[in-house]
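Asker: First the structure, which I've put down as structure tokens, then a few questions once you've had a look.
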Amino acid sequence: MDMGTIFAFIFGLFLLYIIGILLVIPIKLIIKLIANGIIGGVFLLLFNLIGGLIGLNLVINPLTAVITGFLGIPGIILLLIVQNIL
């Protein structure tokens, strides 16, 4: 075999590796976003159950769930402030 063929084969394998890495990273990000959204929805549900006793509630939709999933308790406080300002 020619050295040029061997280098082309190695370069092709390297390109496949790079493309594979670039495709896996967005999938991990999407899975993390979905998991954080579910956790945020659970937090909002618990907040609405407890906050309903004192008159506080937040709407549960995908945007508020993702905000709460990313930020946690500060996200709930942020949503309460935004709700009261608007």
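Asker: How much of the calculated P(r) for the chain lies past 18 Å, in percent of all Cα pairs?
Answerer: Of all Cα-Cα pairs in the chain, 58 percent lie more than 18 Å apart.
Asker: A further question on this structure: Rounded to the nearest 10 degrees, what's the angle between the helix 3-51 long axis and the longest principal axis of the chain, both from Cα atoms, 0 to 90?
Answerer: In the chain, helix 3-51 runs at an angle near 10 degrees to the longest axis.
Asker: Please report the projected area of the range 37-81's Cα convex hull averaged over all directions, in nm². The partial results should precede the final answer.
Answerer: Details: hull surface 10.3 nm².
Dividing the Cα hull surface by four gives the mean projection, 2.6 nm².
Asker: Determine the relative contact order of the range 37-81: mean sequence separation of Cα pairs under 8 Å and six or more apart, normalised by residue count, in whole percent.
Answerer: 48 percent
Asker: Just to confirm the number: angle between the C-alpha axis of helix 73-85 and the first principal axis of the chain, 0 to 90 degrees, nearest 10?
Answerer: 60 degrees
We did not get these values from a lab; they are worked out from the coordinates using the rules stated. All values derive from a computational prediction rather than experimental measurement.
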